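What follows is calculated from the coordinates using simple rules that are stated; it is not laboratory data. Quantities reported herein were computed from a predicted structural model and do not represent experimental measurements. Reconstructed Cβ throughout: ideal geometry from the backbone, glycine too, with neighbour counts over all protein chains shown.
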Amino acid sequence: MNGSQVMDVAQDAIFTLLAVAGPIMIAALVVGLIIAVFQALTQIQEMTLTFVPKIIAIFLALLFFMPMMAANLTGLMDRMVDRISNIS
């Protein structure tokens, strides 16, 4: 395996990581921003107020995006197996 093949594998893995983790992180970010604006408007500075909605949003995002995440990870594994089997 030469350097360009290693870079291709790393690039594929990083793009898959972003595709799998991105929707969950975006959901947590959006809920966090909404809660921050709500706290700024109402001047409620309760620390635990941020955790429960974020946990619920992450759980719902996981339920919604799990098929896409599994397909991306399965595709990565298939590509890795193909690369391993094609090494001469």
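Put +1 on the Cβ of every Lys and Arg and -1 on every Asp and Glu Cβ in the chain; which of 34, 76, 16 then has its Cα farthest towards the positive end of the dipole?
34
If you stretched the chain out fully between residue 70 and residue 30, how much longer would it get, using 0.36 nm times the residue separation minus the C-alpha to C-alpha distance?
12.1 nm
Charges only on Cβ, +1 for Lys and Arg, -1 for Asp and Glu: so what's the dipole of the chain about the Cα centre, in debye to the nearest 20?
120
Work out the FRET efficiency for residue 52 and residue 15 from their Cβ-Cβ distance, taking R0 = 22 Å, and round it to the nearest 0.05.
With R0 = 22 Å, the Cβ-Cβ based efficiency is 0.10.
Can you compute the modelled spin-label distance between residue 45 and residue 86, with each label point 7 Å from Cα toward Cβ, in nm?
5.8
Dividing the alpha-carbon radius of gyration of the chain by 2.2 N^0.38 Å (N being the number of residues), what value is obtained?
It is 1.58.
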